[in-house]
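Novice: Below is a structure I'd like to ask you about.
Throughout, read-outs are computed from the coordinates displayed, never taken from laboratory work. These numbers come from a predicted model, not from an experiment. Glycine gets a Cβ as well: all are built from the backbone with ideal geometry, and neighbour counts include every protein chain shown.
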Amino acid sequence: MSEFRHLLKSSQLNLYDVRCADDLSPEGHHVVLTGHMIGLHRSGFCLVRDGATEHVVDPSHVCYLNPGVDYCLTHPNGGGCRGTLITVTSECLESMLGERSAEEVDSLGRFPRTSAPISSRLDHLHRRLVRSLHRGLPQLRAEEVTLSFLSSLLEAAGQPPTLVTDSRQRESTRRTHMELVNAVRGELSRSLGTRPSLTALAETFHCSPYHLSRIFHHYAGLSLSAYYQKLRLRTALERILDGEESLMRIAQDLGFTHHSHLTNSFKREYGAPPSSFRSRLSAHELIQLSQPQPA
């Protein structure tokens, strides 16, 4: 019996940690999907057959499965397998493929191949991502990383994401994008005590999560999660400099899981713990701090 653990859940993509037992019949297991799915193995060996074509799926390859196709899965070596399944909606997939005409999107409605080699870098990222999700990666960061990972997997499938570069649209597009980025910044600044979701933000601003993530990073110069973290830490710093004593209260108000989480994040951002900011700076220290830092 296969075990599925739902590690990332959103309206446009989902990620599952899968343990597939060696209980498939010699004829294999047939499945017809209702949406697009990408499978990655961490251990084990599987054969995927679509019609007369057979594809090997193991930790060296990624598997791309299209909706409406009758796939047959077998474990010829026995032992089952462990891996990851990512399901993605057509809407999200089309957004990642770029802003194309309806005809072009329709023509790219299926993955062009069932399997492709996965690089060492992506394999490493895949394993790190699954472990981070098991530990409870924040939803916003989890969606951003998974979408970035998915984008790389699409490139391996022969479908690199692209954006419109028509010069006639550049100025109006830039203006629209900046309006979107500024609106999202406003929304995040109002939500410092919550745990925002990339999907929820995208739904609020009527765009795809992938589009929002890419556009924000392009114009803001950093990711949504990094921007949100900076907002929270700078708010915390202001409260500490104002003399607020309770790190626990600050952490709770700003959505950190524990005051130690706030302290560790503070160290990464500022190079020192919050306690070091409680003392007043001397005039000499203030001047030193105001000087440009060496690259």
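Novice: Any number yet on Rg/Rh for segment 177-220, C-alpha, Kirkwood?
Specialist: Using only Cα positions, Rg/Rh for segment 177-220 is 0.93.
Novice: Using 0.36 nm per residue of separation minus the Cα-Cα distance, give me the extension gain between S260 and V32 in nm, one decimal.
Specialist: Contour length minus the Cα-Cα distance gives 77.4 nm.
Novice: For R82 and H218 in one chain, what is 0.36 nm times their gap in residues minus the Cα-Cα distance, to one decimal in nm?
Specialist: Using 0.36 nm per residue and subtracting the Cα-Cα distance, I get 45.4 nm.
Novice: To continue, here is another question. Arrange the peptides 33-45, 128-140 so that the one whose residues have, on average, the most other Cβ atoms within 10 Å appears first.
Specialist: The most tightly packed comes first, giving 33-45, 128-140.
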